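Every number in this text was worked out from the coordinates using simple rules, so none of it is lab data. Note that the structure is predicted; figures quoted are calculated from it, not measured. Cβ coordinates were reconstructed from backbone atoms using ideal geometry, including for glycine residues, and neighbour counts include every protein chain displayed.
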Amino acid sequence: MTTETIFTYAAPALKFGPGAADEIGFDLSQQGASRVLVVTDPGVAATGWPQRVAEQMAQFDIEAHVYDGAHVEPSDVSMQAAVDHARESGPWDGFVAVGGGSSIDTAKAINLMTTNPGELMDYINAPVGGGQNPSQPLAPLVAVPTTAGTGAESTTVCVLDVLDLKVKTGISHARLRPTMAVVDPLLTVTQPPGVTASSGMDILCHALEGYTAKPYDSYERKAPDKRVPYCGANPVADMWSEKALRLLARSFRTAYRDGDNVDARMNMAMAATFAGMGFGNAGVHIPHANAYPIAGRVKDFKPADYPDDEPMVPHGMSVVLTAPEAFRFTYEARPERHQFVAELLAMGHVDVGEGPEALPTALIQLMRDLDMPNGIGGVGYDKGDIDGLVEGTMKQQRLLTIAPREATEDDIAGIFTRSLELW
């Protein structure tokens, strides 16, 4: 079989800027929607933004209802509860997600399961679930992020914890991509420092992993019906990832220290969107594969500025905790790209030097500046947990195949072990 010569690219329609959230009623009216469910979580609902979004739809003869039961770091249980609510209170011909990646992913699951037959587990990625593709089109979904980080407004992925298996996984299909991303930076100003830091680390790793992913033309050629949204690093995705890194490098620390700085918030919101347009087509690899069991097997860690009703490792935090060691491992596959982004991120904050230590050095300095834990030991893991974490990572083959360097179980174990304490 010959190597691939084709890459694909897709993104939702985008509306960006202060006040963009006030135009959602008009946007949905153009899609023919008449009865819409607004999906959010209790914390975001308390800000009043979801209700404001719902109320302004009335002028376009759209009946809107708010569901505020999405969970931060959603699980199969919380998503099933959301799906059950939507089925019982439907029918719906449109959806709006207002919140972070958790609300957006919950809305994706609701949209999927109210338009297609079967159960949630049927669609969850194999080998955890059935890996089934949707057979029917989905309804219009407008994604309105209130955190600058996940890029979920641009992607085809819905991420969740499967509680009984203690693993984080997801559903991935092109039909899950939102119809429109409405990015209003004013909605992110109330984001507290801890959420800003973790969400920003997700932006960072999205861009880094997409930019260093296995190139699209190094895969075996696929038949047209076998193409997947994540096709590897390619020229269009590279452009978005690089721009996201430039925006983040100059604004991340400012947004963390001064949350009222609107310019920094604008740059971070744009970086999140651009990174989503990059990795949403290129894919992510080892840090994200490692993040799923880190979050899914959490013990008693409770991060600052997040709900403290139950232990959790926020997604962006779980991704970055092994990123320095993961990128040290992948350096040899694409050294010039690792060096380039290391120097871009350093921005005078640290001398990264040259070679495999450059990107880990830049990452660790940024983690320290934003008060991240100093490795997986900082969120409660020890050497006795390594085997379980490796087992969880190896289930994420959809992501590991995108890594520029093949990683064995021993390789992943080494990355986790060296990530117990980064500094």
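Couple of notes before you dig in:
- log₁₀ of I(q)/I(0) at q = 0.08, 0.10, 0.17 Å⁻¹ - region 193-418, Debye sum with one point per alpha carbon: -0.26, -0.42, -1.24
- Between Arg221 and Ser89, the contour length at 0.36 nm per residue exceeds the Cα-Cα span by 43.0 nm.
- Sorting Asp382, Asp217, Asp161 from the fewest to the most surrounding beta carbons within 10 angstrom yields Asp382, Asp217, Asp161.
- With a simple spin-label model that places each label point 7 Å from the Cα along the Cα-to-Cβ direction, the separation between Asp382 and Met121 comes to 3.4 nm.
- Distance histogram in 10 Å bins (all Cα pairs of region 20-183, percent per bin): 12, 45, 35, 8, 1
- Size of charge dipole - the chain - debye, nearest 20, with Cβ of Lys, Arg +1 and Asp, Glu -1, no other charges: 800
- Proximal lysines to Lys243, defined as alpha-carbon separation beneath 24 angstrom and excluding residues fewer than eight positions away on the same chain: Lys15, Lys214
- Among Val236, Val96, Val144, the ranking by other beta carbons within 10 Å of each residue's beta carbon, starting with the fewest, stands as Val236, Val144, Val96.
- Degrees between helix 262-282 axis and first principal axis of the chain (Cα, 0 to 90, nearest 10): 80
- Cα centroid separation, region 127-173 to region 387-423: 22 Å.
- Subtracting the Cα-Cα distance of Glu354 and Lys166 from their residue separation scaled by 0.36 nm leaves 63.8 nm.
- Alpha-carbon spread of region 133-232, three principal axes, descending order, Å: 46, 34, 34
- Region 302-334 and region 211-273: distance between their alpha carbon centers, rounded to Å: 17
- Inter-probe distance in nm under a simple model that places probes 7 Å from Cα toward Cβ, at Ala174 and Leu14: 2.0
- In the calculated pair-distance distribution of the chain, the portion above 27 angstrom amounts to 47 percent of the Cα-Cα pairs.
- Inter-probe distance in nm under a simple model that places probes 7 Å from Cα toward Cβ, at Asp308 and Ala58: 3.9
- Burial ordering of Leu420, Leu359, fewest other beta-carbon atoms within 10 Å first: Leu420, Leu359
- The Cβ shell under 11 Å around Val39 holds other residues with a net charge of -2, Lys and Arg each +1, Asp and Glu each -1.
- Counting only lysines at least 8 places from Lys302 when in the same chain, those with an alpha carbon closer than 29 Å to its own are Lys108, Lys166, Lys168, Lys383, Lys395.
- Nearest-ten-degree value, helix 286-296 long axis tilted from longest Cα axis of the chain: 60
- Beta bridges per DSSP with both ends in the chain, % antiparallel, nearest 5: 25
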